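See structure below.
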């Protein structure tokens with residue numbers, strides 16, 4: 001059980017364990033607790049840097065540092081960081097799930113009950129001998145309909161007697177969004193009086209916040225808000241908030257960015273926070289749009305008329321006189337007005 | 001029927017009233033009747049919706065009072081079924097499939113369907129009225145072959161629903177005119193429209209990517225771009241579940257339905273190729289199929305349904321045990337699909353005779369009796385035969 005709690009600190013049982021530990025926030029004024037604050041900060045920093053925090057300690061440290069990391073994220077107060085932190089914690093849990101679902105039968109059954117059933121209310125069964133998992137079609141569709149890739153279409157799955165047959169990776173990928181949502185809800189639901197946070201925690205929070213401002217990805221959005229046309233900004237914001245833009249919206253974003261001179265790598269990075277992000281598939285598709293694959297024809301950004309017909313136009317005053325989003329020259333900022 | 005004469009409408013309406021009076025037990029109350037939205041059409045072409053009934057008796061009283069041409073009930077269960085759509089409060093909805101025989105393009109339809117001019121009601125040979133040059137509306141007269149086609153689709157979908165989706169509680173209904181409805185009972189209630197669309201695509205095998213279901217096998221020397229000499233095939237999986245197994249078993253089976261050995265399509269025959277080939281590997285035999293063999297298999301194995309019917313959770317469906325205003329036949333349960341004969345099992349109007357003018361109708365069969373063909377002539381007909389063609393706009397009451 002302690003192994004499970006350490007790896008999945010968002011479990012109900014982890015919460016009960018935390019109550020048993022009976023920590024109070026004041027205890028973090030004690031220097032002996034600094035290693036937990038360090039670990040919590042590293043978790044948040046990893047998310048800011050777009051990486052998965054990989055270190056694993058014992059259950060006490062893991063459960064408390066996870067909670068503390070949530071407190072730090074909440075105290076920083078930047079909504080996009082809630083989503084990003086949740087996403088990378090979910091990816092961390094995914095890695096552990098992938099290991100755990102390849103162990104012996106009883107370990108697998110334990111994980112299926114504690115994680116899938118308890119947290120997501122999804123009944124996933126393990127078929128020993130086949131090394132596969134089955135999930136009810138209705139549950140499968142609950143998750144898969146938000147994925148665009150043909151791979152997830154029910155027609156392309158093995159379906160038998162009301163169950164979809166999946167491997168461990170598929171099972172975990174399906175619930176990743178739910179996990180992100182769960183962690184985000186935990187953060188958003190925290191009632192925090194920032195002024196009463198212990199000094200060591202406050203200092204870390206401020207330090208992380210200043211890194212956020214220096215982080216070019218968070219900064220780029222503010223700098224380039226006035227230079228991207230509103231149709232593009234809309235797609236970017238959807239991605240930033242963890243939404244799932246349609247295929248046509250993604251093509252618009254990718255062709256626009258390629259059209260204004262961004263590299264394939266830079267364009268791929270933009271899609272990293274999409275719920276169904278797959279690095280290999282994204283790169284393939286962006287390279288295809290850039291004319292580096294397939295028919296080797298570079299796709300140009302669709303015209304404003306086409307964007308409007310696709311329901312993706314959010315025209316503002318900066319759009320006057322342009323026929324294609326790449327012609328957008330920018331809008332006046334508040335400083336530029338008057 | 002709304003542009004038929006007053007007397008004709010009254011005769012048909014009276015026939016419908018008699019049916020409801022004498023066959024109240026046929027009315028099938030949907031589960032949780034109070035949560036359903038009901039609607040009906042009148043013989044004057046007026047549609048009334050957003051109705052709710054606490055019991056089947058309340059509904060029955062309306063049928064006797066209003067005698068509608070068609071009666072509908074929602075697939076959806078609502079909190080407030082009488083409120084406007086956006087306020088009804090959708091709770092969940094039955095999963096329903098519609099097989100429309102017209103969409104199956106029965107090859108026999110040109111031999112028995114007729115066309116009626118929408119302006120002058122002239123029964124014409126083709127799609128354009130030969131009297132006034134206006135578009136003519138096609139009027140279907142399903143024959144036994146048409147119904148057989150529909151039954152085949154029903155059996156296909158029942159097999160897929162049971163074997164793949166684990167659905168064993170279904171009710172199959174004849175729609176009352178030209179198709180079948182398949183109502184799933186007790187499961188798959190909580191699917192939203194996107195999930196229903198997935199189910200539709202599943203039974204119709206839409207969006208299938210062969211490379212995901214099968215391993216590709218390259219014969220000869222072909223590069224990744226497809227250049228070179230050789231052919232691309234797929235490794236069949238006859239023991240697999242779902243579509244992969246179904247397609248594989250079909251291709252591998254020695255003969256097709258007509259007893260001919262499957263030899264691929266005409267293009268392959270030219271090249272002397274079969275649709276598939278096999279290779280022995282120790283105790284096992286591996287089978288490989290060309291893309292076209294898989295496509296041919298899918299064409300025969302997939303089900304053709306009306307996707308909108310399944311996807312739209314707010315749709316209302318003809319209520320079982322009520323009459324279809326396009327034919328006067330009833331929407332009835334098909335207890336045994338093989339032996340079901342709509343001309344007998346769905347025909348409940350009485351036998352008493354009327355004198356009618358028939359603009360045009362092919363030979364048709366009802367209750368074991370054959371009628372027609374008719375062309376601009378008067379005839380004495382049993383009421384059930386008259387109602388059948390009058391509901392199709394092809395007959396009116398004549399003065400004897």
Checklist entry - Do we have any residue at all in the stretch B:155-164 that's over 19 Å from the mean Cα position of the chain (by Cα) and farther than 14 Å from residue B:337 by Cβ? => result yes
Checklist entry - Which of the residues spanning the stretch A:129-169 are more than 8 Å from chain B (Cβ to nearest Cβ), free of Cβ contacts under 8 Å to residues at least 24 places away in the same chain and assigned to a helix (DSSP H, G or I)? => result A:139
Next on the checklist: Any residue at all in the stretch B:367-381 that's closer than 25 Å to residue B:42 by Cα and either in contact with a strand residue (DSSP E or B) (Cβ under 6 Å, 6 or more places away or on another chain) or surrounded by fewer than 20 Cβ atoms within 10 Å (Cβ to Cβ) (or both)?
Outcome noted: yes
Next on the checklist: Return the residues of the stretch A:35-62 that are surrounded by 18 or more Cβ atoms within 10 Å (Cβ to Cβ), under 11 Å from residue A:6 (Cβ atoms) and under 21 Å from the mean Cα position of the chain (by Cα); say none if nothing qualifies.
Outcome noted: A:62
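Condition check ((1) in contact with a strand residue (DSSP E or B) (Cβ under 9 Å, 6 or more places away or on another chain); (2) within 30 Å of residue B:199 (Cβ to Cβ); (3) modelled with pLDDT under 70; (4) surrounded by fewer than 17 Cβ atoms within 10 Å (Cβ to Cβ)) across all residues:
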site	(1), (2), (3), (4)
B:261	yes, no, yes, yes
B:271	no, no, yes, yes
B:289	yes, yes, no, no
B:293	yes, yes, no, no
B:305	yes, yes, no, no
B:310	yes, yes, no, no
B:313	yes, yes, no, no
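Yes or no, residue by residue, for (1) closer than 23 Å to residue B:333 by Cβ; (2) away from chain A (no Cβ under 14 Å):
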{"position": "B:120", "(1), (2)": "no, yes"}
{"position": "B:125", "(1), (2)": "no, yes"}
{"position": "B:135", "(1), (2)": "no, yes"}
{"position": "B:148", "(1), (2)": "yes, yes"}
{"position": "B:156", "(1), (2)": "yes, yes"}
{"position": "B:168", "(1), (2)": "yes, no"}
Item to check | Selection from the stretch B:1-13 of residues that are touching a residue at least 12 places away in the same chain (Cβ under 8 Å) and over 19 Å from residue B:319 (Cβ atoms) | outcome: B:2, B:3, B:4, B:5, B:7, B:8, B:9, B:11
Checklist entry - Restricted to the stretch B:173-203, and to residues that are surrounded by fewer than 22 Cβ atoms within 10 Å (Cβ to Cβ) and more than 14 Å from residue B:309 (Cα to Cα), which residue is farthest from the other protein chains (Cβ to nearest Cβ)? => result B:185
Next on the checklist: Being farther than 16 Å from residue A:324 by Cβ and surrounded by fewer than 21 Cβ atoms within 10 Å (Cβ to Cβ) is the filter here; which residues of the stretch A:246-261 pass it?
Outcome noted: A:246, A:247
Checklist entry - Would it be correct to say that residue B:360 is at pLDDT below 95, touching a strand residue (DSSP E or B) at 6+ places or on another chain (Cβ under 8 Å) and surrounded by 14 or more Cβ atoms within 10 Å (Cβ to Cβ)? => result yes
Checklist entry - If residue B:122 passes every condition in (1) within 16 Å of residue B:360 (Cα to Cα); (2) buried (at least 17 other Cβ atoms within 10 Å of the Cβ); (3) at pLDDT 80 or above but one, which one does it miss? => result (3)
Item to check | Residues being in a loop (DSSP other than H, G, I, E, B), modelled with pLDDT of 65 or more and more than 14 Å from chain A (Cβ to nearest Cβ) - total across the stretch B:221-237 | outcome: 1
Item to check | Count of the stretch B:204-220 residues which are facing chain A (nearest Cβ under 9 Å) and not in a helix (DSSP H, G or I) | outcome: 6
Checklist entry - Are any residues in the stretch B:48-74 more than 21 Å from residue B:176 (Cβ to Cβ) and assigned to a strand (DSSP E or B), and if so, which ones? => result B:50
Checklist outcome for this item: When the stretch A:202-235 is checked residue by residue, the ones that are within 21 Å of the chain's Cα centre (by Cα) and either at pLDDT below 60 or not in a helix (DSSP H, G or I) (or both) are A:214, A:215, A:216, A:217, A:218, A:219, A:220, A:221, A:222
Next on the checklist: Taking the condition of being assigned to a helix (DSSP H, G or I), under 22 Å from residue B:383 (Cβ atoms) and under 15 Å from the mean Cα position of the chain (by Cα), how many residues in the stretch B:300-346 meet it?
Outcome noted: 1
Checklist entry - Out of all the residues in the stretch B:168-184, which are without any contact (Cβ under 8 Å) to a residue 60 or more places away in the chain and in a loop (DSSP other than H, G, I, E, B)? => result B:168, B:169
Checklist outcome for this item: Exactly one of A:130, A:178 is more than 19 Å from residue B:243 (Cβ to Cβ) and modelled with pLDDT under 85, and that one is A:178
Checklist outcome for this item: Checked B:389, B:349 against criteria (modelled with pLDDT of 95 or more, assigned to a loop (DSSP other than H, G, I, E, B) and farther than 30 Å from residue B:277 by Cβ); the one match is B:349
Checklist entry - Quick one: would you say residue A:181 is assigned to a helix (DSSP H, G or I), out of contact with any strand residue (DSSP E or B) (no Cβ under 9 Å at 6 or more places or on another chain) and surrounded by fewer than 18 Cβ atoms within 10 Å (Cβ to Cβ)? => result yes
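Report, by residue number, each residue of the stretch A:62-80 that is in a helix (DSSP H, G or I) and out of contact with any helix residue (DSSP H, G or I) (no Cβ under 6 Å at 6 or more places or on another chain).
Of everything in the stretch A:62-80, those that are in a helix (DSSP H, G or I) and out of contact with any helix residue (DSSP H, G or I) (no Cβ under 6 Å at 6 or more places or on another chain) turn out to be A:66, A:67, A:71, A:79.
The values are calculated or read from the model by the stated rules, or taken from the named source; none is laboratory data. As the structure is a prediction and not an experimental result, all values here were calculated from the model. Cβ atoms come from the backbone with ideal geometry, glycine included; neighbour counts cover every protein chain shown.
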